[in-house]
Amino acid sequence: MGTRLAAPLVLPCDPACSVLRDAVVDVGPDGRITWCGPRADAPPASGEVVELDGLLLPGLVNTHCHTPMTVLRGLGGDLPLLRWLHEVIWPAEARLTAPDVRTGMLLGCVELLRAGVTTSVEMYFFTDAVIDAVLGAGSRVVLTPGIIDAPGWDRLGSWQQMLDEVSARIDTVGLRHGPGERIELGYGPHSAYTLPPEALTAAGEAARARGALLHLHLAEAAGEDAAQRAAYGSVPRMLASLGVLGQGGRVLAAHSVHLDDRDIALLAGAGAAVAHCPVSNAKLAAGTARLSALRAAGVPLGLGTDGPASSDDLDLFAVARLAGLLARVTSGNAAELTAPELLLLATRHGAASIGRDDLGALEPGRWADVVHVSTDDPGFLDLADSDARVVSNLVWAGGARLVRDVWVAGERVLAGGEPTRVDRAEVQSAARAVAARLG
């Protein structure tokens, strides 16, 4: 038996960013959407009908995060990126255990779900701990275990051992597994400045051979990759020369702040996507990506919060708002990124940027990752408002605080703002204990 979710408003996040009135989303017993549209046109309901107020939209896709860092939140909050990493974060991470990472990830999963984020692209360590937390909370992850060669990180093995471990895991369990295919595996070479060139080449080859996502930091802060720029002209040019870009691979470049026109054209030609993280970049004074130029070149784009130790929260609605504001103020165009475009960046386009055509929209065949948002709020004055005003109010005035319920693969994992699988108070208490020990 399936389930029908019904609401006064449904935003399927189709390419036109339509607003459906008095509509339903039908979910099959396998957790995938079987139908979405106006109630009057719907087929007969085959099971339970859940009547909801407000509106429904697809789960948001956070395309770049280090969620277990919830337990490091607030450390070194006023330092630039490289000092923050070397002086505060990496020494703190050296003390993390696998149980600590599970605790931090579980807390982050709860926070993400409460913000309407059903999928996050993660780069972190202690892979089993991250997976265990995701399956415990019932959320969804594209997990690209970190591969790094930097001072202190040899405690986890060499970059080659880290790479081989990812490949062996994918070869054993496949790219996607878990109930509702909640887990997807990929590769997370940290960056060009923390890995030798041969490691980047090897990671690219391994990812392409398995059809896996290659997820790395790119041109985040001025000066971080001075040696690579001096040798190759830019990091994108370096990656191209090493065979990482193009050749049919799935590449996701986080941040991509310091790029020139040639770099952007290179990313576009290679089909590489960018995870835009304006909140983290602003907080670390790293700059802001040239979003208008990236869009004009046709580079696939998604939005990312980055880790909660640098961006502090996991609110992708807030990221979308800042992305729009910065794009407008840097371009001088008050319509540079409209509310529908921002919503699609957080949903449909975010899913497309990571190669997932089964997420990010309420369409038959896609996973039923659905978010219920209340409109009983000053941000929404009248549900009979125009379609444009409804979307505008959701993006610019509403957001994460209005999320009430969330389904992942058709399973209700957030009800009335609280997780259904875990006790939030217990999760928060465990995370406080880890943070106190590290603090």
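Points to keep in mind about this one:
- Paramagnetic reach from Ala335 in region 1-35 [backbone N under 20 Å; point 7 Å along Cα→Cβ]: 15-19
- As a length-normalised measure over Cα pairs under 8 Å and 6 or more apart, the relative contact order of the chain settles at 21 percent.
- Percent antiparallel among DSSP beta bridges (both partners in the chain, rounded to 5): 45
- Positive-end residue of Val134, Val71, Ile147, charge dipole of region 36-176 with Cβ unit charges: Val71
- About the Cα centre, charge dipole magnitude for region 1-52 (Lys/Arg +1, Asp/Glu -1 at Cβ), debye: 60
- Tilt relative to the chain, helix 98-114 - C-alpha long axis, 0 to 90 degrees, to 10: 40
- Using the Cβ-Cβ distance between Ala265 and Asp22 with R0 = 51 Å, the FRET efficiency computed as 1/(1 + (r/R0)^6) comes to roughly 0.65.
- Applied to region 253-268, the Karplus parametrisation 6.51 cos²θ - 1.76 cosθ + 1.60 on θ = phi - 60° returns per-residue 3J(HN,Hα) values of 9, 7, 6, 6, 7, 9, 10, 9, 4, 5, 4, 5, 5, 5, 4, 4 Hz, with x for Gly and Pro.
- Leading residue at positive end of dipole, the chain (Cβ point charges), from Val422, Leu314, Leu394: Leu314
- Vicinal HN-Hα couplings computed from phi for region 334-350 (Karplus, 6.51 cos²θ - 1.76 cosθ + 1.60; Hz; Gly/Pro x): 6, 10, 4, 10, 7, 4, x, 5, 5, 4, 5, 4, 7, 10, 4, 6, x
- Element breakdown for the chain at a 1.4 angstrom probe: carbon and sulfur atoms account for 54% of the accessible area.
- Per residue, the chain exposes 35 Å² of accessible surface when a 1.4 Å probe is rolled over the protein heavy atoms with every protein chain present.
- Its DSSP H runs of at least 4 residues, each contributing -39,500 (n - 2.57), put the calculated 222 nm mean residue ellipticity of the chain at -10000 deg cm²/dmol, to the nearest 500.
- Net charge dipole size for region 137-199 [Lys, Arg +1 and Asp, Glu -1 on Cβ; Debye, nearest 20]: 320
- Listed values for region 291-301 are Karplus-derived 3J(HN,Hα) couplings in whole Hz (6.51 cos²θ - 1.76 cosθ + 1.60, θ = phi - 60°), namely 5, 4, 5, 4, 5, 4, 7, x, 6, x, 10, and x replaces Gly and Pro.
- The angle separating the long axis of helix 159-173 from the principal Cα axis of greatest extent in the chain is about 30 degrees.
- Of the residues Leu342, Leu381, Ala286, the one whose Cα sits farthest towards the positive end of the charge dipole of the chain is Ala286 (charges of +1 on Lys and Arg Cβ, -1 on Asp and Glu Cβ, taken about the Cα centre).
- With a 1.4 Å probe rolled over the protein heavy atoms of all chains, the accessible area of Trp35, Trp153 falls in the order Trp35, Trp153, largest first.
- Fully extending the segment from Asp171 to Glu87 would add 26.5 nm, taking 0.36 nm per residue of separation and subtracting the current Cα-Cα distance.
- Residues whose amide H falls under 5 Å from that of Leu245, counting only those 5 or more places apart or on a different chain, are Ala240, with hydrogens built in the peptide plane.
- Full extension of the segment from Ala230 to Leu381, taken as 0.36 nm per residue of separation minus the current Cα-Cα distance, would add 48.8 nm.
- The dipole here belongs to the chain: it is taken about the Cα centre, uses +1 on the Cβ of Lys and Arg and -1 on the Cβ of Asp and Glu, and is about 380 debye.
- Axis angle, to the nearest 10 degrees, between helix 424-438 and the longest C-alpha principal axis of the chain: 20 degrees.
The values are calculated or read from the model by the stated rules, or taken from the named source; none is laboratory data. Small disclaimer: the values here were computed from a predicted structure and weren't measured. Neighbour counts run over all protein chains shown; Cβ positions are idealised from the backbone, glycine included. Just so you know, the surface numbers come from the protein's heavy atoms only, side chains and all, with ligands and any DNA or RNA stripped out. Shrake-Rupley method; radii C 1.70, N 1.55, O 1.52, S 1.80 Å.
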